[in-house]
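Report on the following structure.
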Amino acid sequence: MTTTEHVHVLLVEDDEDLRPILARHLAGKGFRVAEAVSAEDATAQLAAGLTPAMVLLDLNLPGDTGWDFLRSGALAAAGSPPVVVTTAVTVNPRQLREFAVAGYLPKPFAMETLVATVERFLGARP
């Protein structure tokens, strides 16, 4: 896992098959990616000084959920980067607004859609 100060994207995804594919694809497009396997892992990385420019957050995680992570205050301490929720379950738009979520990417999604979403928040070039 990457824990440098200059990470652009924090990918919070527990799926051991999907996470490395997403991270490799984003890295292949020139983005720097930190991977977290759980909300607790993401919180620990942020507490250790990680300051991502954006967060891709799965909601259904082992232990604390993505919602718990959003409630925790860890993101505020890291500069409140925009969060794009990535999930296979339907999410009420009201909940997304309540947590000031910047975007919603329903699974499954095309890699092109993922890249376009990241580019929208970070600019066309990493």
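The values are calculated or read from the model by the stated rules, or taken from the named source; none is laboratory data. Note that the structure is predicted; figures quoted are calculated from it, not measured. Glycine also receives a Cβ, built like all others from the backbone with ideal geometry; neighbour counts cover every protein chain displayed. The protein model used for the area step is the full one, side chains on, heavy atoms only, and it has no ligands, DNA or RNA in it. Shrake-Rupley method; radii C 1.70, N 1.55, O 1.52, S 1.80 Å.
General observations
- Filter pass, residue 48 being in contact with a helix residue (DSSP H, G or I) (Cβ under 9 Å, 6 or more places away or on another chain), aliphatic (A, V, I, L, M) and under 13 Å from residue 10 (Cβ atoms): no
- Selection from segment 54-83 of residues that are touching a strand residue (DSSP E or B) at 6+ places or on another chain (Cβ under 8 Å) and under 17 Å from residue 34 (Cβ atoms): 54, 55, 56, 57, 58, 61, 66, 69, 75, 81, 82, 83
- Members of segment 6-22 found to be at pLDDT below 95 and buried (at least 18 other Cβ atoms within 10 Å of the Cβ), listed by number: 7, 8
- Inter-residue pairs, beta-carbon under 9 Å, first within 24 Å of residue 107 (Cβ to Cβ) and in segment 43-68, second among the basic types (Lys, Arg) and open to solvent by less than 40 Å² (accessible area, probe 1.4 Å), 6+ apart: 58/19
- Helices (runs of 4 or more DSSP H) fully within segment 23-126 counting 3 or more residues that are surrounded by fewer than 16 Cβ atoms within 10 Å (Cβ to Cβ): 93-98, 111-122
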